[in-house]
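One structure is given below, encoded as structure tokens.
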Amino acid sequence: MPDGPRQTGRFVFHVVDERWEWDDDVYVIHGYAPGEVEPTTELVMRHKHEHDRELVEQTLQEAIGDGAPFNVYYRIVVGERIRNVVLCGEGQYDGDRTSGKVDRLVGYYVDLTPELEAETTAAADAAVAASAASRDTIEQAKGILMLGYGLDADAAFAMLKWWSRNRNVKVREVADRLIQVAREGHVSHPGLRRLLDALLDDLTASRTARGNRAG
């Protein structure tokens, strides 16, 4: 089992039979023990906050239609608690694409709730350090995440802290790396998303590998 809070998880949605696959971490993010429930579309949507449900449904339908990389930042309801998550992924095809739709959506959940709940002005000041150079770097990195994932400023900073904690490096170092990645790649929405997703994939895969070894 991965060490520390479970904040990332992989999913697959099979379009034709509307079948979802969750890894253990996605079950936990939704408040379930792994395998406790069957993740149907009805269940998935029931957990969406009522004010975000339409946005999520529209995002998924567009992704099914064109297969392009997608991301959506929204709230899920877990009992009486609200969790703030980013859902990102893309479509994949089998065969000759005769239907015009993708065969499945694959991607990640990223749960930013712990970072957002811990956020205070003092904590933010400590994380960005005292120098103007550090603040400028972190603001640039926040902007990259806001563009790449459609986040607001608070959620973008929460994602920087999430990466920092999982990589055990300073927020400034994470910000430097994100800026480097953006400069090396094509900073279009899909291009940037693919570069950022490569970092997510590396981290999620390493957590899965640790969990398999621990199991």
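Read-outs: derived from the displayed coordinates by stated rules, not from any lab. Just so you know, these numbers come straight off a predicted model, no measurement behind them. A quick note on method: Cβ atoms are made from the backbone with ideal geometry, for glycine too, and the neighbour counts reach across all protein chains shown.
Taken one residue at a time, the phi angles of the range 67-72 give Karplus couplings (6.51, -1.76, 1.60, θ = phi - 60°) of x, 5, x, 9, 8, 8 Hz. Gly and Pro are set to x. Excluding same-chain neighbours fewer than eight residues apart, the lysines reachable from LYS142 by a Cα-Cα span under 18 Å are LYS161, LYS170.
What ranking do 174-183, 161-170 get when scored by the average of other Cβ atoms within 10 Å per residue, highest first? It would help to have the intermediate numbers written out before the result.
Details: 174-183: 18.1, 161-170: 16.5.
Result, highest mean Cβ count within 10 Å first: 174-183, 161-170.
When the Kirkwood radius is taken over all Cα pairs of the range 15-118, what Stokes-Einstein diffusion coefficient follows at 20 °C and 1.002 mPa s, in µm²/s?
Values: Rh = 14.5 Å.
Rounded, D is 148 µm²/s.
Apply the a/c threshold of 1.5 to the C-alpha gyration tensor of the range 36-76 and tell me whether it is rounded, prolate or oblate. Taking the square roots of the gyration eigenvalues as a ≥ b ≥ c, the range 36-76 is oblate.
Between ALA118 and ILE82, the modelled labels are 2.1 nm apart [label points 7 Å from Cα along Cα→Cβ].
Calculate the FRET efficiency for ASP17 and ASP154 from the Cβ-Cβ distance with a Förster distance of 35 Å, rounded to the nearest 0.05. Let's see the in-between values first.
Numbers: r = 38 Å, r/R0 = 1.08.
With R0 = 35 Å, the Cβ-Cβ based efficiency is 0.40.
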